[in-house]
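Visitor: Take a look at the following structure, please.
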Amino acid sequence: MEAKPSSTSPSTFVDQLVVPGDVILDLSSMANQTIKLGGGLRQDGDSISVMKAGNLRFTKPNKYWVESSHKRYVPNAGDNVLGVVVDTKPENFLVDIKGPALAFLPVLAFEGGTRRNIPKFEVGTLLYVRVVNANTGMNPELSCMDANGKAAEYGVLKEGYMFESSTGLSRTLLSSPPYPVLEALGKKLSFEIAVGINGRFWVNASQSSTVILVGNAIQKSESLSLVQQKIYLEKLLKNIQ
Amino acid sequence: MEYVSPEGLRLDGRRPLEMRQLRAELGAVSRADGSAVFEMGNTKVIAAVYGPREVQQRSQHLNDKALIRCEYTMANFSTGDRMRKPKGDRRSTEISLVIRQTMEACILTHLMPRSQIDIFVQVLQADGGTRSACINAATLALADAGIPMRDLVTSCSAGYLNSTALLDLNYVEDSAGGPDVTVGILPKLDKVTLLQMDAKLPMDIFENVMQLATEGCKAVANYIREVLIENTKQLENRRGV
């Protein structure tokens, strides 16, 4: 986001919990180095301060950001998200991605998309899309193609069901090593899942009972500790056999 | 009437410089993007934050910053005598405005142009200092929603009765007719965002009373900080990070 000189030593606040207003770095005491700031941090004159509650992260050589979990999503270029079509315009589809503004999905942003074959989406269609552009002051722009112009995994998600989650849960679902709950469910059941980093996930399976079970288990597991998760899953999986 | 006994105790048994018990809880409203309950003694307030989301009324659309809206209501059962109050009376309009202006001072509105943030605060139990309690609850709810903020605004009131400066007035002391100074500060930046006083006070005494209220704000800030950190810690533990 921004570049500024800093010292060689990382801040003492790294991996600590921070709240808005905390000053994590003092630039005046630092010389000739560049640091990169991610989400939740801002530069205020000669200091770097926090604007969201969360955990301060640092990766070498020079990246800082605040990791937090919320119900709302802040669009970032390159994110894979689940969006719901809200409206259709001649040039764009308007898609809700839980952000501060509706996102635009150009009607030509599909593999082999031309004026002749514009896809028809009804209001309420669920899409797996990529955020291409996210500038402040503009609506975010989406695309149904990867960087090479291929459809890849993007597009309409037919059938199945979409569940809401926090952005933190979405991130853990996508993290590696895989989320233990997801792994345990995957060993017993066969289902399809698509996770959007914007706090939504979609589950599909041959039986609707499996969809409900998987969705509820994931949603419920967020408020459980690791041990509780294990017990809960054991109980759950025993019941279905 | 005697508000401070010769032994130096107030009507509810506190010392003049003593605050009431604080209690706060995050995530009280499941539908909202951020919410909090804040208690100062017997005063209990619930706050819910929605957004940043699309601006609902086109005419209110702002191109360079987010639109902040605030609504303050008092539940019918919040006061001693149960009354049906008309919505939007003078008092609640004024307090809505005060809360909105205080929160606008700390939210980084320029980061979310063309969007709207709604803050709803409702008083569940009124025992003096509802204004302060509402601001504290709104801060917590905003932090829970992950809205970028300069600092955590906190507020506290102080008064002057029986030639003694009193911190955090309750209903009886509030309605005694003496001066009531409500202060809101940004604790880390050490800036005042709100200062209200009804009645008159000599200059030197006013300074003392305001100093006292500021100290109260700092104490509230420490507590709010702890609550937030505890909440973030829980979110992380649960996800097994």
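Visitor: Which of the numbered conditions does A:GLY137 fail, given that it passes all the others? Conditions: (1) surrounded by fewer than 21 Cβ atoms within 10 Å (Cβ to Cβ); (2) touching a strand residue (DSSP E or B) at 6+ places or on another chain (Cβ under 6 Å); (3) more than 30 Å from A:THR12 (Cβ to Cβ); (4) within 14 Å of chain B (Cβ to nearest Cβ).
Guide: Every listed condition holds for A:GLY137 apart from (2).
Visitor: Sticking with this one: Go through the stretch B:98-114 and report how many residues are within 14 Å of chain A (Cβ to nearest Cβ) and touching a helix residue (DSSP H, G or I) at 6+ places or on another chain (Cβ under 9 Å). Before you say what the answer is, go through the steps one by one.
Guide: The initial filter retains those residues of the stretch B:98-114 that are within 14 Å of chain A (Cβ to nearest Cβ), namely B:103, B:105-114.
With the extra rule that they be touching a helix residue (DSSP H, G or I) at 6+ places or on another chain (Cβ under 9 Å), the set shrinks to B:103, B:106-107.
Counting residues in the stretch B:98-114 that are within 14 Å of chain A (Cβ to nearest Cβ) and touching a helix residue (DSSP H, G or I) at 6+ places or on another chain (Cβ under 9 Å) gives 3.
Visitor: Exactly one of these conditions fails for B:CYS106: (1) modelled with pLDDT of 95 or more; (2) surrounded by 18 or more Cβ atoms within 10 Å (Cβ to Cβ). Give me its number.
Guide: The one condition B:CYS106 does not meet is (1).
Visitor: Right, something else. How many of the residues in the stretch A:171-205 are surrounded by fewer than 22 Cβ atoms within 10 Å (Cβ to Cβ), within 14 Å of another protein chain (Cβ to nearest Cβ) and among the polar types (S, T, N, Q)?
Guide: 2
Visitor: Quick one: which residue in A:LEU185, A:LEU226, A:LEU233 is in contact with a Gly (Cβ under 6 Å, 6 or more places away or on another chain), at pLDDT below 95 and of a type in the set (A, V, I, L, M)?
Guide: Numbers: A:LEU185 fails: in contact with a Gly (Cβ under 6 Å, 6 or more places away or on another chain); A:LEU233 fails: in contact with a Gly (Cβ under 6 Å, 6 or more places away or on another chain).
Every option except A:LEU226 fails the conditions.
The rows are residues; the columns are (1) without any contact (Cβ under 8 Å) to a residue 60 or more places away in the chain; (2) aromatic (Phe, Trp, Tyr); (3) surrounded by 16 or more Cβ atoms within 10 Å (Cβ to Cβ).
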residue: B:SER5; (1), (2), (3): yes, no, no
residue: B:ARG10; (1), (2), (3): no, no, yes
residue: B:ALA28; (1), (2), (3): yes, no, yes
residue: B:GLU39; (1), (2), (3): no, no, yes
residue: B:ALA47; (1), (2), (3): no, no, yes
residue: B:VAL55; (1), (2), (3): no, no, yes
residue: B:HIS61; (1), (2), (3): yes, no, no
residue: B:PHE77; (1), (2), (3): yes, yes, no
residue: B:MET83; (1), (2), (3): yes, no, no
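Visitor: Kindly check whether there is at least one residue in the stretch B:195-209 that is within 14 Å of chain A (Cβ to nearest Cβ) and either in contact with a strand residue (DSSP E or B) (Cβ under 6 Å, 6 or more places away or on another chain) or aromatic (Phe, Trp, Tyr) (or both). Don't jump to the end; show me each part of the working.
Guide: Start the filter on the stretch B:195-209 by keeping residues that are within 14 Å of chain A (Cβ to nearest Cβ), which leaves none.
Checked against the condition, which is being within 14 Å of chain A (Cβ to nearest Cβ) and either in contact with a strand residue (DSSP E or B) (Cβ under 6 Å, 6 or more places away or on another chain) or aromatic (Phe, Trp, Tyr) (or both), the stretch B:195-209 yields no hits at all.
Visitor: Here's a check for you: in the stretch B:125-147, which residue that is in a loop (DSSP other than H, G, I, E, B) and of a type in the set (A, V, I, L, M, F, W, C) is surrounded by the fewest Cβ atoms within 10 Å (Cβ to Cβ)? Full working, then the answer.
Guide: Going residue by residue through the stretch B:125-147, those that are in a loop (DSSP other than H, G, I, E, B) are B:126-129, B:146-147.
Restricting the remaining residues to those that are of a type in the set (A, V, I, L, M, F, W, C) gives B:126, B:147.
Numbers: B:ALA126: 20, B:ILE147: 30.
Going through the qualifying residues, I end up with B:ALA126.
Visitor: Turning to a different aspect of this structure: If you take the residues in the stretch A:8-30 that are β-branched (Val, Ile, Thr) and part of a loop (DSSP other than H, G, I, E, B), which one is surrounded by the most Cβ atoms within 10 Å (Cβ to Cβ)?
Guide: Taking the stretch A:8-30 first, the residues β-branched (Val, Ile, Thr) are A:8, A:12, A:14, A:18-19, A:23-24.
Adding the requirement that they be part of a loop (DSSP other than H, G, I, E, B) leaves A:8, A:12, A:14, A:19.
Numbers: A:THR8: 10, A:THR12: 9, A:VAL14: 14, A:VAL19: 25.
The qualifying residue surrounded by the most Cβ atoms within 10 Å (Cβ to Cβ) is A:VAL19.
Yes/no per residue for (1) part of a helix (DSSP H, G or I); (2) over 20 Å from A:GLY21 (Cα atoms):
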| residue | (1), (2) |
| --- | --- |
| B:SER157 | no, yes |
| B:LEU166 | no, yes |
| B:ALA221 | yes, no |
| B:GLU236 | yes, yes |
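Visitor: Of all residues in the stretch A:204-241, count the ones that are within 20 Å of A:SER166 (Cα to Cα), assigned to a loop (DSSP other than H, G, I, E, B) and touching a residue at least 24 places away in the same chain (Cβ under 8 Å).
Guide: So the count comes out to 1.
Visitor: Also: Please work out which one of (1) within 17 Å of the chain's Cα centre (by Cα); (2) modelled with pLDDT under 95; (3) away from every other protein chain (no Cβ under 14 Å) is the condition B:ALA176 fails and give its number.
Guide: For B:ALA176, the failing item is (1).
The values are calculated or read from the model by the stated rules, or taken from the named source; none is laboratory data. Quick caveat: nothing in here was measured; it's all calculated off a predicted structure. Every residue, glycine as well, gets a Cβ built from its backbone with ideal geometry; the counts of neighbours run over all protein chains shown.
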